[in-house]
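The values are calculated or read from the model by the stated rules, or taken from the named source; none is laboratory data. A quick note: this is a predicted structure, and the numbers were derived from the prediction, not measured. Every residue, glycine as well, gets a Cβ built from its backbone with ideal geometry; the counts of neighbours run over all protein chains shown.
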Amino acid sequence: MARVEQLAGVAAFVEAARTGSFTTAAQKLGITKSAVGKSIARLEERLGAKLFYRTTRHLSLTPDGEAYFASCAHALDEIGDAERTLTSKHGTPSGKLRIDMPAAFGRLVLLPLLLDIAKAHPALRLVMTFTDRIIDPVEEGIDLSVRFGELRDCSGLISRRLTEQNLVLCASPRYLQAHGSPLHPNDLQSHKCIVGYRRGTVWSFVDKRGEAISVTPPATHEVGDGDAIVAATIAGCGLSQMPASLVRKPIADGTIVPLLTGYSKAKVEIHAVWPRTRHLVPKVRAVVDALVAKADAGALD
């Protein structure tokens with residue numbers, strides 16, 4: 001019984017934190033306002049921490065309450081997802097889906113596709129973040145992430161290959177006029193290069209015999225966003241190597257030009273990655289399947 005009471009206290013706390021009101025929380029839970037207050041009081045006593053600042057007109061979380069809410073709200077969402085998985089006759093995707101994706105590729109390529117998927121599944125609610133840093137999906141509560149490149153640490157994760165893109169070395173005409181064009185990947189050491197921030201960047205090339213060439217370029221500028229890397233390249237700040245989708249338009253416009261085209265068959269893979277605990281959740285499965293279908297149709301190229 002004690003464990004049941006503990007869970008009731010957590011549910012009351014989460015609902016009160018979400019609504020900012022004991023009264024509204026009581027209505028949603030189908031209990032009295034007094035019962036909500038007593039449950040939260042017992043929870044605070046058990047934890048030895050104050051969770052709310054209370055006044056006659058206002059209810060807000062303390063720092064301890066904010067930290068506890070972040071964990072408890074996510075746990076209750078997981079329980080809700082598990083119940084929907086078991087009770088949904090057709091596995092209809094529903095509820096909140098947290099998706100993280102590379103900033104530039106996410107905005108340019110993935111966002112329109114995800115919005116189409118959301119329109120096809122009205123019960124699905126997307127929470128989308130755009131980051132180029134490597135994150136831990138489990139630690140940060142991400143249901144699904146899309147990532148470029150080799151997946152180094154997949155413990156506790158499941159991945160599915162979506163597609164691959166050519167890597168393109170680029171520079172602006174202004175830069176090339178001032179510094180000349182490299183003739184071989186090894187020539188990059190004498191050029192200014194724009195690389196990803198804190199990436200330990202290695203640029204990849206393939207020679208005419210099909211042999212791989214890896215070069216660690218000098219990090220003249222380190223930039224933490226794909227769009228910003230392209231912008232710095234257009235501005236003449238140096239060379240960059242980017243996935244083809246991110247430089248297709250500026251190459252067509254002539255604001256940057258591709259380089260070392262005889263060594264440009266190197267590719268980067270794009271994966272969907274999600275925590276192993278979510279692999280049966282309909283919302284994750286539906287979105288991954290939809291992205292795979294769109295990738296097979298060339299929409300992620």
Criterion: assigned to a helix (DSSP H, G or I) and either under 20 Å from the mean Cα position of the chain (by Cα) or modelled with pLDDT under 95 (or both) - qualifying residue of Leu300, Leu291, Leu280: Leu291
Note: among Asp81, Asp64, Asp77, Asp100, just one is buried (at least 16 other Cβ atoms within 10 Å of the Cβ), among the acidic types (Asp, Glu) and at pLDDT 80 or above, namely Asp100
Of all residues in the range 12-46, which are of a type in the set (A, V, I, L, M) and within 33 Å of the chain's Cα centre (by Cα)? Ala12, Val14, Ala16, Ala17, Ala25, Leu29
Evaluate the following for Leu151: is it of a type in the set (A, V, I, L, M), touching a His at 6+ places or on another chain (Cβ under 8 Å) and under 30 Å from Val288 (Cβ atoms)? yes
Qualifying residues in the range 181-213 (those that are among the small types (Gly, Ala, Ser), over 27 Å from the mean Cα position of the chain (by Cα) and loosely packed, with under 12 Cβ neighbours inside 10 Å) - the one farthest from Gly106 (Cα to Cα): Ser190
Taking the range 95-111 and keeping only residues that are assigned to a helix (DSSP H, G or I) and more than 19 Å from Lys283 (Cβ to Cβ), one is left with Ala103, Ala104, Phe105, Arg107, Leu108, Val109
Here are some conditions: (1) in contact with a strand residue (DSSP E or B) (Cβ under 6 Å, 6 or more places away or on another chain); (2) among the hydroxyl-bearing types (Ser, Thr, Tyr); (3) in contact (Cβ under 8 Å) with a residue 60 or more places away in the chain; (4) not in a strand (DSSP E or B). Ser240 meets all but one. Which one does it not meet? (4)
Qualifying residue in the range 260-268 (condition: among the hydroxyl-bearing types (Ser, Thr, Tyr), modelled with pLDDT of 90 or more and farther than 14 Å from Val109 by Cβ): yes
Can you run down the residue pairs with Cβ atoms below 8 Å, 6 or more apart or on separate chains, where the first is in the range 98-112 and free of Cβ contacts under 8 Å to residues at least 24 places away in the same chain and the partner is surrounded by fewer than 22 Cβ atoms within 10 Å (Cβ to Cβ)? Leu111/Met128
May I ask you to list the residues in the range 106-146 that are within 18 Å of Ala295 (Cα to Cα) and either loosely packed, with under 12 Cβ neighbours inside 10 Å or out of contact with any Asp or Glu (no Cβ under 9 Å at 6 or more places or on another chain) (or both)? Leu110, Leu111, Pro112, Leu113, Leu114, Leu115, Asp116, Ile117, Ala118, Ala120
Give the range 246-301 a look and list any residue that's in contact with a Pro (Cβ under 7 Å, 6 or more places away or on another chain), within 18 Å of Met101 (Cα to Cα) and surrounded by fewer than 15 Cβ atoms within 10 Å (Cβ to Cβ), or say none. none
It is to be established whether one or more residues within the range 161-178 are surrounded by fewer than 17 Cβ atoms within 10 Å (Cβ to Cβ), at negative phi and at pLDDT below 85. no
